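One structure is given here, and the rest of the page talks about it.
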Amino acid sequence: MSGHLEDDERGADVAPDSEEVGELHRRLITALIHIRDLNGLRNKNIAERLKITESYISQLLRGKRDVRLSMLNRIAKEFGIEASELLSDKWDETEKKTPETSTPPPDLNQLLALVEENEKLRRQFADSLRQENSEFKKKLGLK
């Protein structure tokens, strides 16, 4: 007898049915969309972080591409979660925030504060230069 299992020894439930696979794909897609949106990323950013093409991530998100376990692990590692979480139904329970109601990541808040401070300093600097120019013009008798 060879090392292969005969059909009747394998069992009917060895391979998942297409409905089960479809559900896993749906969960993965939901997880990826939540991760992308909650991190303020675009497909291009995810592709760069995972060192894959944008086309590949787009196909994953549309359910047109299967995922190898190595890729599942890479995604999980990159975003600091367990691979099993990508296939769990926890993402269904997570309320998806819209861009209008979501809170930007702390890094973005800090960046916005720096931009505001920069603008304020530019205005102050411009006012200071205008004042200096005005004084120079007076000294030179230009007006």
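Only the coordinates and a few stated rules stand behind these numbers; no lab work does. Just so it is clear, the model here is predicted, and its values are computed rather than measured. Note that each Cβ is placed from the backbone with ideal geometry, even for glycine, and that neighbours are counted across all protein chains shown.
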Among 124-133, 50-59, the order from most to least packed when residues are scored by Cβ within 10 Å on average: 50-59, 124-133
Estimated distance in nm for a label pair at GLN131 and GLN110, the labels positioned 7 Å out from Cα along Cα-to-Cβ: 3.2
How far, in nm, would the chain grow between LYS77 and ASN45 when pulled straight, counting 0.36 nm per residue and subtracting the alpha carbon separation? 10.0 nm
Packing-ranked peptide list from 66-75, 112-121, highest mean Cβ count within 10 angstrom first, is 66-75, 112-121
